[in-house]
Amino acid sequence: MLRMLRQIAITGLPSEPAPYPNEQWRVANERTEAEKIHGDILALLGRALTIRHVDAGSCNGCELEIHALTNPYYNIEGLGIRFVASPRHADLLLVTGPVARNMEVAVRRAYDATPAPKLVVAVGDCGGTGGIFGESYASCGRVGNVLPVDVAVPGCPPAPIDILRGILTAVTAAIEPAQR
């Protein structure tokens, strides 16, 4: 037991600090550009940020990276960010994949059920641009064709740190105008 406690004391915290938001990923809309984040989510919101993940038809590559955010290395809950099972409890929708035609109604319902003010982050190349699938008889293409997107995180799949950076970018963009 003492050996294990000594190892913990020597190693320290294995998680890395929260990344700064990447302003280049922000989808152009009427919101003003926000300054870079200097504190954690709890300092900005004063409460936990809740996220509802919606798989709109992805290959599950992005889901694996999103799932990695909950491990001790990235420790997303330590930043005051947690995932919820219902869009009615969410502040932010994290949407992955190109929106399949048979998922279009479900994605819109999840968006409509999310209380205002709501944020949408499109994850991966498929969510941001339609990826290799594009628009077809079976796909609506990018998430922006169905929902208003605040931030699009590029990558196939994006690294967990980039997904976290995209979430922080969306949050700082939403909070900055409210603090003025």
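Can you name every residue in the range 129-166 that is closer than 21 Å to Ala113 by Cα and among the charged types (D, E, K, R)?
The answer is Arg142, Asp150.
For the range 118-126, indicate whether the set of residues that are in a helix (DSSP H, G or I), under 14 Å from Gly61 (Cβ atoms) and within 11 Å of the chain's Cα centre (by Cα) is non-empty.
Checked against the condition, which is being in a helix (DSSP H, G or I), under 14 Å from Gly61 (Cβ atoms) and within 11 Å of the chain's Cα centre (by Cα), the range 118-126 yields at least one hit.
Take the range 66-78 and flag every residue that is surrounded by fewer than 21 Cβ atoms within 10 Å (Cβ to Cβ) and assigned to a helix (DSSP H, G or I).
Within the range 66-78, His67, Ala68, Glu77, Gly78 qualify.
Yes or no, residue by residue, for (1) modelled with pLDDT of 95 or more; (2) loosely packed, with under 13 Cβ neighbours inside 10 Å; (3) more than 19 Å from Cys156 (Cα to Cα):
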residue	(1), (2), (3)
Leu5	no, yes, yes
Lys36	no, yes, yes
Gly61	no, no, no
Ala85	no, yes, yes
Arg88	no, yes, yes
Ala113	no, no, yes
Lys118	no, no, yes
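With respect to Val149, is the statement that it is crowded, with 20+ Cβ neighbours inside 10 Å and at pLDDT 90 or above true?
yes
Given the condition in a helix (DSSP H, G or I) and over 13 Å from the mean Cα position of the chain (by Cα), answer yes or no: does some residue in the range 147-166 qualify?
No - not one qualifying residue is present in the range 147-166.
Do you know which of the residues in the range 10-28 that are of a type outside the set (D, E, K, R) and touching an Asp or Glu at 6+ places or on another chain (Cβ under 7 Å) is modelled with the lowest pLDDT?
Val27
The values are calculated or read from the model by the stated rules, or taken from the named source; none is laboratory data. What you see is a predicted model; the values in this text were computed from it and never measured. Positions of Cβ are backbone-derived with ideal geometry, glycine not excepted, and every protein chain shown enters the neighbour counts.
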